[in-house]
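Everything on this sheet refers to the single structure shown next.
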């Protein structure tokens, strides 16, 4: 065996040793369990001594990116139009949306990416306390089907962990966190005088004038206090939200029988009105899609392009996002966006910094102050927790805890948790088996317990 061949064999042996002796997670390599010096026999040259400790950086850089990040990429059998939203197939599907549905890009600007400080030193696990029990964050994530979590304190990443099929470079469906991005986009148009919150939907979109939203002001829609008769019951196949899924092609199969695939430009104008809802909070996904249509009408630009120019590029996103598109070309602002965990965290940073990115005021400071400082009485018609006055403002959920804590939330466990009092942002992706949980102990209560425990642990 000549020297070149021996060296190739030695490199292959080195790769095997690194993979054997180092445990990889998606953040960093751990120290080897065995000694850091291995002798690889190489013939007459007396052998090639390899220091695995010196090769660690190379091993992590190549093997993790090329091997670990490439795992779990094979399409599982059974992914189809009537199965992809639900567990267990959704764990793969949410990170591979472009393989399942028509989409449109929301481009970033690669020349102006804003790095998140601390990613290189962020921990991949954390001790937390939930309901009086001490546990590792990794255990809590597994219990709640969490695919990834990124915690930023005082502008520095302190915890970053991935599970399932999610990686730092891979996008994940945001579901209704998309609504918050829609509200922030609307805020930039208000800032420039392109959108008047006191005008009605019908003023901007004549096709919606006779719909359930036609007579409502844009401000009322942003707070979900419109008069449409929309039904958001995810478990009822005849609810408006499920019929919309069928009409726009997001869901197919037996549950969509007899519901024509028309797209939202046809579906939304047919939604009726319920005057008794006027001024009362009732969560309705279709309301966000109507606002997106209004934004398009106000600017003569497509919604995805507005998000790209007004939010995604200004926040310094490191990857392009995307959004699902229905058969008529309508972009689904209510729940169709997908992005990387890090870029979703950048949206949280935009919020906690009161609309500012660097020296640029992207979203009006007054807009974010209005969101943070609500007293809960203006829009909330549901129950209140002890000591809290929750509210919904500008497509953002307010805790009403007196500390300004707010969140963006999506079904199946998607969150941006923003705590101005502690200057903490937590971005979290999940794949609950169904919209509200779907397994014992899984759901909003469990997910939000993780968020509060993490905030407490990193303060």
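If you go through segment 349-368 and pick out every residue that is at positive phi and in contact with a helix residue (DSSP H, G or I) (Cβ under 9 Å, 6 or more places away or on another chain), you end up with 2.
Conditions tested, residue by residue: (1) assigned by TED's automatic domain parsing to the domain that holds residue 113; (2) touching a strand residue (DSSP E or B) at 6+ places or on another chain (Cβ under 9 Å); (3) more than 27 Å from residue 413 (Cβ to Cβ).
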| residue | (1), (2), (3) |
| --- | --- |
| 287 | no, yes, no |
| 293 | no, no, yes |
| 298 | no, no, yes |
| 331 | yes, yes, no |
| 337 | yes, yes, no |
| 346 | yes, yes, no |
| 359 | yes, no, yes |
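Might you let me know whether segment 420-428 holds any residue that is under 25 Å from residue 197 (Cα atoms), touching a strand residue (DSSP E or B) at 6+ places or on another chain (Cβ under 6 Å), modelled with pLDDT of 95 or more and buried (at least 23 other Cβ atoms within 10 Å of the Cβ)? No, segment 420-428 contains no residue that is under 25 Å from residue 197 (Cα atoms), touching a strand residue (DSSP E or B) at 6+ places or on another chain (Cβ under 6 Å), modelled with pLDDT of 95 or more and buried (at least 23 other Cβ atoms within 10 Å of the Cβ). Taken together, 369, 405 contain a single residue that is touching a strand residue (DSSP E or B) at 6+ places or on another chain (Cβ under 9 Å) and either without any contact (Cβ under 8 Å) to a residue 24 or more places away in the chain or closer than 20 Å to residue 283 by Cβ (or both), which is 405. One residue alone among 386, 444 is under 22 Å from the mean Cα position of the chain (by Cα) and surrounded by fewer than 17 Cβ atoms within 10 Å (Cβ to Cβ), and that residue is 444. In this entry, residue 354 passes the filter for residues that are assigned to a loop (DSSP other than H, G, I, E, B) and modelled with pLDDT of 95 or more. For segment 276-285, enumerate the residues that are free of Cβ contacts under 8 Å to residues at least 60 places away in the same chain and buried (at least 24 other Cβ atoms within 10 Å of the Cβ). Matches in segment 276-285: none. Can residue 157 be described as part of a helix (DSSP H, G or I), touching a residue at least 40 places away in the same chain (Cβ under 8 Å), assigned by TED's automatic domain parsing to the domain that holds residue 448 and surrounded by 15 or more Cβ atoms within 10 Å (Cβ to Cβ)? So residue 157 fails the test.
Scanning segment 103-142 for residues that are assigned to a loop (DSSP other than H, G, I, E, B) and surrounded by 14 or more Cβ atoms within 10 Å (Cβ to Cβ) yields 107, 108, 109, 113, 114, 116, 118, 119, 122, 124, 125, 126.
Scanning segment 238-275 for residues that are in contact (Cβ under 8 Å) with a residue 40 or more places away in the chain, out of contact with any helix residue (DSSP H, G or I) (no Cβ under 8 Å at 6 or more places or on another chain) and farther than 17 Å from residue 323 by Cα, we see that the one that is surrounded by the most Cβ atoms within 10 Å (Cβ to Cβ) is 273.
The values are calculated or read from the model by the stated rules, or taken from the named source; none is laboratory data. Not measured: the values here are computed from a predicted model. Don't worry about glycine lacking a Cβ; one is built from the backbone with ideal geometry, like all the others, and counts go over all protein chains shown.
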